[in-house]
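Report on the structure given below.
The values are calculated or read from the model by the stated rules, or taken from the named source; none is laboratory data. Source: prediction; values computed, not measured. Positions of Cβ are generated from backbone atoms using ideal geometry, with glycine treated the same way; all protein chains shown enter the neighbour counts. Protein only, heavy atoms only, side chains kept; ligands, DNA and RNA dropped before computing areas. Shrake-Rupley method; radii C 1.70, N 1.55, O 1.52, S 1.80 Å.
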Amino acid sequence: MLPAARLPAGRAHRFRLADVLPGCLDALGGRSTGLGLAPVDHAVVVLVDGLGLAALTARGGHARTLASRLARDAPISSVFPTTTASALASFATGTDPGRHGVVGYTALGPDGTVVNHLSGWDDGGLPRGWQRMPTCFERATAVGLRAVAIGPERYRGSGFTDAVLHGAEYLGGRSIADRFARAREVLAGPSALGYLYVPELDTAAHARGWESDTWVAALEELDAALATFLAGVGPRDGVLVTADHGVVDVPHERQVVVGDAALDGVVAVAGEPRCLQLHLAPGVDADEVAARWREREGRRAWVATRAEAVAAGWFGEVDPEVVPRIGDVLVAARDRVAYYIDPEDRGRRMIGQHGSLSADELAIPLLRFARWA
């Protein structure tokens with residue numbers, strides 16, 4: 001049984017995903033940056049959903065342009081939970097989940113029910129101010145820079161897009177190549193902060209796993225589009241490639257269906273399969289529930305009460321308003337397992353998973369190109 005005193009930290013490297021856009025803003029303003037980015041007129045950050053450092057390193061032979069920087073550029077840490085909603089909010093605001101308030105794929109919402117952080121704004125479950133922090137795109141426009149977000153057309157106008165990309169002009173592109181073409185338009189204009197989102201690898205990982213031919217094909221498509229794009233950048237253009245999180249392949253036989261006995265005292269389950277967030281009934285002792293789960297899971301998971309997780313820095317700095325959104329007890333997968341409450345959960349079809357604190361999920365690349373190479 002792993003004692004709470006040995007819980008892992010919520011970051012594994014000196015810099016983190018939340019440092020990337022603030023560093024770009026400093027470079028655009030001619031200021032020195034902790035990331036060591038030289039001054040530029042245009043900054044473009046390509047964020048590849050699910051491109052963990054471990055997966056990219058293992059498949060680097062299929063991505064020569066990306067792999068050319070692996071030995072030179074130090075990796076950074078994602079945020080916890082290593083899930084798209086939390087990570088993109090941290091990327092866009094430059095703050096921790098404990099401050100912006102998007103503390104999981106799902107979380108306890110304002111009415112006390114579990115809400116989905118990707119769709120909850122659109123179905124009325126989340127108010128506009130639920131994401132609590134201003135974005136780096138708002139900061140960019142406030143100092144006269146153009147701020148642009150480039151992604152699939154289907155994400156334009158969604159509640160989540162508005163919550164995390166507020167202040168950015170949204171440009172749509174159906175394919176990866178289309179989106180890089182829109183990024184070339186940004187480089188041709190006035191000084192700008194640009195963000196280009198690539199969801200295709202994460203989609204492939206969920207469906208087939210990152211070790212599949214489908215994922216490798218998406219990686220090859222990304223690398224080819226990036227190489228073409230880099231051929232046209234100017235001497236005052238900086239380009240970074242990073243990710244929101246890594247991915248762990250969890251085969252069906254490693255899925256854990258949680259029985260009713262383990263949920264005694266639990267009134268709501270939020271989070272994701274790689275990191276359950278258990279909300280307890282009034283009067284139920286979180287320490288007792290955590291002890292029960294530690295006894296059940298052994299070294300298969302890190303189990304922490306909310307107080308222990310906050311003290312360990314899992315969510316970064318946590319504002320008082322955000323505290324109730326976090327589960328009373330967290331069960332974060334350590335091994336290649338995923339937890340499900342409902343045996344009929346459609347999510348059990350997924351292979352690629354993320355959300356926990358393993359190195360494969362936390363460690364992400366920060367690759368430097370053009371003026372920043």
Round to a whole number: what % of the accessible area of the chain belongs to carbon and sulfur, probe 1.4 Å?
51 percent
Taking the Cα centre of region 78-213 as the origin and placing charges on Cβ (Lys, Arg +1; Asp, Glu -1), which of GLY173, GLY194, GLY129 is farthest toward the positive end of the dipole?
GLY194
Measuring from label point to label point, each 7 Å out along Cα→Cβ, what is the ARG128 to ARG6 span in nm?
5.0 nm
Can you give me the C-alpha center-to-center distance between region 1-56 and region 302-373, rounded to a whole angstrom?
17 Å
So what are the ³J(HN,Hα) numbers for region 322-331, from phi and the Karplus equation (6.51, -1.76, 1.60; θ = phi - 60°), rounded to whole Hz, Gly and Pro as x?
8, 3, x, 6, 8, x, 5, 9, 10, 10
Once the Cα atoms of helix 176-187 and of the chain are each reduced to a long axis, what angle between those two axes, in degrees from 0 to 90 to the nearest 10, is obtained?
50 degrees
Residue-ordered couplings for region 224-229, obtained by feeding phi - 60° into the Karplus form 6.51 cos²θ - 1.76 cosθ + 1.60 and rounding to whole Hz (Gly and Pro as x), are 5, 5, 5, 4, 5, 4
With a cut-off of at most 11 other beta carbons within 10 Å, and DSSP calling the residue loop, which GluC sites (Glu not before Pro) in region 302-349 qualify? Please list them.
GLU321, GLU344
Just to check I understand the Karplus step: with θ = phi - 60° and J = 6.51 cos²θ - 1.76 cosθ + 1.60, what whole-Hz values come out for region 332-343, glycine and proline as x?
9, 4, 9, 7, 7, 10, 9, 9, 10, 8, 9, x
Theoretical FRET efficiency, 1/(1+(r/R0)^6), r = Cβ-Cβ of HIS252 and SER191, R0 35 Å, to 0.05
0.10
Could you calculate, for region 68-168, the ratio of the Cα radius of gyration to the Kirkwood radius, expressed as Rg to Rh?
1.01
Can you list the residues, at least 5 places off or on another chain, whose amide H is less than 5 Å from the amide H of PHE15, using H built in the peptide plane?
SER77
Probe 1.4 Å, protein heavy atoms only - accessible area per residue of the chain in square angstrom
38 Å²
